[in-house]
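Since the structure comes first, as structure tokens, the remarks are kept for the end.
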Amino acid sequence: GIICTAFDITIAALARFFAGKNYVPTISLDGKFIRPVKVGVRKPVTAKAVATGRRITQLTCEGSSGQTGKLVP
């Protein structure tokens, strides 16, 4: 749950930038976990816009291990 929250917060900041509004709801959030996440390791999260429109913006988000640099969730 906390990893999806980190993704949602990161994506919301980018969505607000493109929308130019303070409130931007998440319509759909899908997570794929590809390897375990260790407790206590920093996990940088990055987001990027795939497609932007007037009403809907499609964004992707990735998290990586602070130790190895490999993608985690």
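The values are calculated or read from the model by the stated rules, or taken from the named source; none is laboratory data. Note that the structure is a prediction, hence the values are computed from the model and not measured. Note: ideal-geometry Cβ built from the backbone for every residue, glycine included; neighbour counts use all protein chains shown. For accessibility, only protein heavy atoms count, side chains too; no ligands or nucleic acids. Shrake-Rupley method; radii C 1.70, N 1.55, O 1.52, S 1.80 Å.
Descriptive notes on the structure:
- Inter-part distance, the stretch 48-73 to the stretch 22-36, computed on C-alpha centroids, equals 9 Å.
- Gyration tensor over the Cα atoms of the chain: the corresponding equivalent ellipsoid has semi-axes (square roots of 5 times the eigenvalues, largest first) of 25, 11, 11 Å.
- Solvent accessible area, Å² - THR10, 1.4 Å probe, full protein context: 40
- Within straight-line cross-link reach of LYS70, lysines at Cα separation under 25 Å, skipping those fewer than 8 residues along the same chain: LYS32, LYS38, LYS43, LYS48
- Accessible surface, the chain, averaged per residue in Å² (probe 1.4 Å): 80
- Helical runs (DSSP H, four residues minimum) scored at -39500 (n - 2.57) apiece and divided by the length of the chain put the mean residue ellipticity at 222 nm at -8500 deg cm²/dmol.
- Cα-centred dipole magnitude for the chain, charges only on beta-carbon of K, R (+1) and D, E (-1), debye, nearest 20: 100
- In degrees, nearest ten, helix 2-19 long axis to first principal axis of the chain (Cα): 30
- Accessible surface of the chain [probe 1.4 Å, protein heavy atoms]: carbon and sulfur percent: 55
- For the chain, the set of chymotrypsin sites (Phe, Trp or Tyr not before Pro) satisfying both a DSSP loop assignment and a count of at most 14 other C-beta atoms within 10 Å is given as TYR23, PHE33.
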